[in-house]
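S.K.: Dropping a structure here in structure tokens format, bear with me for questions.
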Amino acid sequence: CRSENGVDRWNSILNAGTAQVMISALNNRVNKNSLRRLELFDSNLGTQQSAELINSLNQCNNLVRLCLGGNHIGLLGCQALGRLLSNINSQLYTLHLEYADINDECIRVFANVMASFNRLKSLSLSGNGDITPNGWETLARVLSHPNSLEALYMSESSLEHRGAAAFATALVNNATLK
């Protein structure tokens, strides 16, 4: 791990042992508020490891950017992300979850959080082929109400006509997406 301008980066493939060491280091970090960005692209994190890692970030109140693309986040990780985003002290504004095994159940978790906690400004869900038009419709319904999301990335997705129509309707009333 190296820290550079408040960015902690682990750029290697993690096995179960090294992932657990990293999670332990985050849990035992003396100054939890110094962590501002964490980028773990393609680090081979499984669903359970992802959830444990995300849970270890709950006291990192100055975390503004979390990039977990290419890992296996799944429902457990999404539920942990829901708790992190719901934390009243959370400053998390940017969340990258490209190619992260996100599905409709995960979208429901995010939709519930986004309906109540409006801090998230950028969300990347590109390459999550398990999100069906039903999932995209769920997210679109949330975006039709006032929220803070300014950027939504969803390339290489299965939006289809029904999902696209839901977003078209939602964007009529959305003033924040740019």
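The values are calculated or read from the model by the stated rules, or taken from the named source; none is laboratory data. These numbers come from a predicted model, not from an experiment. A quick note on method: Cβ atoms are made from the backbone with ideal geometry, for glycine too, and the neighbour counts reach across all protein chains shown. Heads up: the accessible areas ignore ligands, DNA and RNA and are worked out on the full protein's heavy atoms, side chains in. Shrake-Rupley method; radii C 1.70, N 1.55, O 1.52, S 1.80 Å.
S.K.: Do you know which residues across region 51-70 are open to solvent by less than 30 Å² (accessible area, probe 1.4 Å), out of contact with any Phe, Trp or Tyr (no Cβ under 8 Å at 6 or more places or on another chain) and either outside any strand (DSSP E or B) or of a type in the set (S, T, N, Q) (or both)?
M.R.: 51, 53, 54, 56, 57, 60, 63
S.K.: Here is a list: 119, 141, 162, 108. Which entry is open to solvent by 40 Å² or more (accessible area, probe 1.4 Å), in a helix (DSSP H, G or I), charged (D, E, K, R) and closer than 30 Å to residue 46 by Cβ?
M.R.: 108
S.K.: Anything in region 71-83 that is within 17 Å of residue 59 (Cα to Cα) and either among the small types (Gly, Ala, Ser) or buried (at least 20 other Cβ atoms within 10 Å of the Cβ) (or both)? List them, or say none.
M.R.: 77, 80, 81, 82 - these are the residues of region 71-83 that are within 17 Å of residue 59 (Cα to Cα) and either among the small types (Gly, Ala, Ser) or buried (at least 20 other Cβ atoms within 10 Å of the Cβ) (or both).
S.K.: So, of the residues in region 145-155 that are surrounded by 13 or more Cβ atoms within 10 Å (Cβ to Cβ) and either outside any strand (DSSP E or B) or aliphatic (A, V, I, L, M) (or both), which turns out to be modelled with the lowest pLDDT?
M.R.: 147
S.K.: List pairs: first in region 49-78 and in contact (Cβ under 8 Å) with a residue 40 or more places away in the chain and under 23 Å from residue 17 (Cβ atoms), second open to solvent by 10 Å² or more (accessible area, probe 1.4 Å) and not hydrophobic (A, V, I, L, M, F, W, C), Cβ under 6 Å, 6+ apart or cross-chain?
M.R.: Filtered contacts from region 49-78: 69/96; 69/98; 69/99.
S.K.: Looking only at region 84-98, which residues are surrounded by fewer than 20 Cβ atoms within 10 Å (Cβ to Cβ) and assigned to a loop (DSSP other than H, G, I, E, B)?
M.R.: Selection gives 87, 88, 89, 91, 93.
S.K.: On to the next question. Would you please name the residue that is farthest from the chain's Cα centre (by Cα), looking only at residues in region 28-50 that are open to solvent by less than 80 Å² (accessible area, probe 1.4 Å) and within 15 Å of residue 63 (Cα to Cα)?
M.R.: Per the stated criteria, the residue is 29.
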